[in-house]
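The values are calculated or read from the model by the stated rules, or taken from the named source; none is laboratory data. Nothing here was measured: the structure is a model prediction, and the numbers come from that model. Every residue, glycine among them, receives a Cβ derived from its backbone with ideal geometry; neighbour counts consider all protein chains shown.
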Amino acid sequence: MSTEENKKALMGGEFLIRESEAKDIFIPEDYDEEQRMIAQTCKDFLAQEVTPNLDRIDALEEGLMPSILAKAGELGILGVSVPEEYGGFGKNFVTSMLSAEATGAGHSFSVAISAHTGIGTLPILYCGTEDQKAKYIPKLASGEFKGAYCLTEPGSGSDANSGKTKAVLTDDGKHYVINGQKMWITNGGFADVYTVFAKIDDDENLSAFIVEANSDGISLNPEEKKMGIKGSSTRQVFFNDVKVPVENLLGERQGGFKIALNILNIGRIKLAAAVLGGAKGTIDCSINYSNERKQFGRPISKYGAIKDKIAKSAIKIFASESATYRAAQNIDDRIQSLINDGMDKSEATLKGIEGYAVECAMLKVHASEVLDYTVDEAVQVYGGMGYSAESPVERAYRDSRINRIFEGTNEINRMLTVDMMLRAAMKGKLDLMGPAQAVAGELMGIPDFGEPETDFFKVHRKYVQNFKKAVLMVAGAAAQKLMMELAKEQEVLMNVADMLIETYAAESVLLRVEKIAEKGGDEQFELKKDMAQAYIFDAAEKINQSGREALMSFAEGDELRMMLMGMKRFTKMEPFNIKQTRRNVAEALIAENRYIF
């Protein structure tokens, strides 16, 4: 690879075929003082306004959630990423991600604020006319207006474009009349402004409309009774001859589906940040309880089984955080590059995020499953008390489950990850064929054992490079063997997606620790190195299993045996004391009685 190519920014999905330098990525240790202050403001707000009122919030006390959102608006928390001309702080994408993480420990409140600041506000901010933005964005940023997003219908979940809601232009051409039904509408019970998706006449694709909630003809079903996030207002919204001014068409006619997809990309990576906040809050509970709870005469934090649970949760959180903010900065850099080239900021933001749709999908899956793992182990640490509604982890366990369904199910996002990579390759945007053929050729050759390497980062960089080879081998063989049938082989697609996700997370955590080493002065460096090593070990096991499952689904005979040998080669790691590595991490957290990274 030439020096010039190395200088080019890594584009979406290119992590699989290009190497990244540690110095070129963003890591959480790089936050500046202002970013840390914004995050602390969000955390203080949760401590003062949300945590003491969780039971009242879950009881859906009338007016409570909108009043808390209004208070958040007064502090500027709702407008972190809104431009200053519309009453916001105008901060970059990484900062908006950090504020999403900081409010992510707020249970039902985190869902309400995420919906408001994300799908409730961003369609208008990024796709609206100047008049639309001037009319609605300042009030959404201040909390005077609350926002909601009406896409899902009873018959259209993952297949959003199949919605039946209709819009018809009136004879005088001044209004659209909307009829239809929407369901699972977060903030639906108190929102002032809806972004509503409907098909005009017999259009093939959706259009989007800004609809004010006090419009005649809008009615709501009672609040849904849910497993978790009980304090999040979730209503069905009915539109019966609702007249919407023509100037409230959002974007172009039939442009609604594109708006929905772009906003989903943002929602996916923002959800990754939010669930990280939830995971950090939950592991704090696990650590605190393990230090307080005594069995057989000593705290349960002294026992190896509990240390193992704490360490594994912490390592997963650390890796997910590394990957999430690596991608967030890539998006920020791409947005700024497009602006420098003369593109409007709103369009640049959408294009910048769209360019990393693969990473957004992967991170949504990874982070939501890290939270699920963390809350599940937290209940186990608490034991019988964890099953009691009196414990904080019981609520966390129930609230977590929705995140694997929100913003597209994890199954859909896994398949999208592979589909988007293959489509990019077919369009010539991503050269997967060359590297895949090189890996196939390598399988036929004799491995180059060479001299044993001792440098930690060189050794582990080689492991990650081999993970990429494993992905290319399996994906390339699947595409060649199954061809047009691959789209129907969802199990294989999900296997390949899991390999991609683990590879990206493993590389991200290694790059983070390598950058920390280059900067120097981090007292936690050895612990962070332990976490990287432990995570890469776990990733190797998962990649091996997913790869074997995929290969055994479509290959056979000598070809299968050869690729299984390749899979073993590409996921091989030198042995080390994994128990002690994890224990080092757990004991540091237990000593500080909190998640410290």
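Within segment 273-289, the only residue that satisfies the criterion of being among the polar types (S, T, N, Q), over 25 Å from GLU407 (Cβ atoms) and crowded, with 24+ Cβ neighbours inside 10 Å is SER286. Within segment 311-329, does at least one residue satisfy the condition of being free of Cβ contacts under 8 Å to residues at least 12 places away in the same chain and either more than 24 Å from ASP24 (Cα to Cα) or not hydrophobic (A, V, I, L, M, F, W, C) (or both)? Looking through segment 311-329, none of the residues is free of Cβ contacts under 8 Å to residues at least 12 places away in the same chain and either more than 24 Å from ASP24 (Cα to Cα) or not hydrophobic (A, V, I, L, M, F, W, C) (or both).
Number of residues in segment 166-204 that are more than 30 Å from LEU64 (Cβ to Cβ) and either among the charged types (D, E, K, R) or assigned to a loop (DSSP other than H, G, I, E, B) (or both): the value is 11. Return the residues of segment 221-247 that are hydroxyl-bearing (Ser, Thr, Tyr) and without any contact (Cβ under 8 Å) to a residue 60 or more places away in the chain; say none if nothing qualifies. The one that is hydroxyl-bearing (Ser, Thr, Tyr) and without any contact (Cβ under 8 Å) to a residue 60 or more places away in the chain: THR234. Tallying residues that are under 14 Å from SER108 (Cβ atoms), of a type in the set (Lys, Arg) and crowded, with 16+ Cβ neighbours inside 10 Å within segment 42-86 yields 0.
The criterion of at least 2 residues that are at pLDDT below 95 and hydroxyl-bearing (Ser, Thr, Tyr) is met by none of the helices (runs of 4 or more DSSP H) wholly inside segment 380-459.
In segment 254-269, what count of residues is obtained for those that are part of a loop (DSSP other than H, G, I, E, B) and buried (at least 16 other Cβ atoms within 10 Å of the Cβ)? Matching residues across segment 254-269 total 1.
To keep it simple, each residue is scored yes or no on (1) crowded, with 17+ Cβ neighbours inside 10 Å; (2) among the hydrophobic types (A, V, I, L, M, F, W, C); (3) within 22 Å of MET420 (Cα to Cα); (4) outside the structural domain of THR571 (by TED's automatic domain parsing).
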{"residue": "VAL459", "(1), (2), (3), (4)": "no, yes, no, no"}
{"residue": "LYS462", "(1), (2), (3), (4)": "no, no, no, no"}
{"residue": "VAL474", "(1), (2), (3), (4)": "yes, yes, yes, no"}
{"residue": "ALA478", "(1), (2), (3), (4)": "yes, yes, yes, no"}
{"residue": "GLU485", "(1), (2), (3), (4)": "no, no, yes, no"}
{"residue": "GLN490", "(1), (2), (3), (4)": "no, no, yes, no"}
{"residue": "MET494", "(1), (2), (3), (4)": "yes, yes, yes, no"}
{"residue": "MET499", "(1), (2), (3), (4)": "yes, yes, yes, no"}
{"residue": "ARG512", "(1), (2), (3), (4)": "yes, no, no, no"}
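Evaluated against (1) part of a helix (DSSP H, G or I); (2) surrounded by fewer than 22 Cβ atoms within 10 Å (Cβ to Cβ), MET343 falls short on exactly one condition, (1).
Let's see how each residue does on (1) within 25 Å of GLN336 (Cβ to Cβ); (2) part of a helix (DSSP H, G or I); (3) not assigned by TED's automatic domain parsing to the domain that holds GLY267:
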site	(1), (2), (3)
LYS71	no, yes, yes
GLU85	yes, yes, yes
GLY88	yes, no, yes
SER96	yes, yes, yes
LYS135	no, yes, yes
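The single condition from (1) within 29 Å of GLY231 (Cβ to Cβ); (2) in contact (Cβ under 8 Å) with a residue 60 or more places away in the chain that GLU390 fails is (2). When ILE218, ILE263 are checked against the criterion of being assigned by TED's automatic domain parsing to the domain that holds ALA389, under 26 Å from LYS133 (Cα atoms), among the hydrophobic types (A, V, I, L, M, F, W, C) and touching a residue at least 12 places away in the same chain (Cβ under 8 Å), a single residue qualifies: ILE263. Against the test of being modelled with pLDDT under 95 and either under 24 Å from TYR149 (Cβ atoms) or in a helix (DSSP H, G or I) (or both), the options SER81, SER110, SER67 yield a single qualifying residue, SER81.
Every test in (1) more than 22 Å from the chain's Cα centre (by Cα); (2) within 21 Å of LEU482 (Cβ to Cβ) is passed by MET499 save one, and that test is (1).
I'd like the residue in segment 14-32 that is among the hydrophobic types (A, V, I, L, M, F, W, C) and in a helix (DSSP H, G or I) and, out of all such residues, is farthest from GLU514 (Cα to Cα). The selected residue is LEU16.
Checking each residue in segment 20-41 for being within 17 Å of SER110 (Cβ to Cβ) and surrounded by 12 or more Cβ atoms within 10 Å (Cβ to Cβ) picks out ILE38, ALA39, THR41. Candidates are the residues of segment 147-182 that are modelled with pLDDT under 95 and acidic (Asp, Glu); the one that is surrounded by the most Cβ atoms within 10 Å (Cβ to Cβ) is GLU153. Looking at segment 225-240, is at least one residue within 26 Å of the chain's Cα centre (by Cα), surrounded by fewer than 16 Cβ atoms within 10 Å (Cβ to Cβ), under 30 Å from GLY386 (Cα atoms) and of a type outside the set (A, V, I, L, M)? Yes, because at least one residue in segment 225-240 is within 26 Å of the chain's Cα centre (by Cα), surrounded by fewer than 16 Cβ atoms within 10 Å (Cβ to Cβ), under 30 Å from GLY386 (Cα atoms) and of a type outside the set (A, V, I, L, M).
Any idea which residue in segment 356-380 is surrounded by the most Cβ atoms within 10 Å (Cβ to Cβ), counting only those that are more than 15 Å from GLY104 (Cα to Cα) and more than 15 Å from the chain's Cα centre (by Cα)? Looking at the filtered set, the residue picked out is ALA378.
Does ALA591 satisfy being under 18 Å from ALA319 (Cβ atoms) and not β-branched (Val, Ile, Thr)? No.
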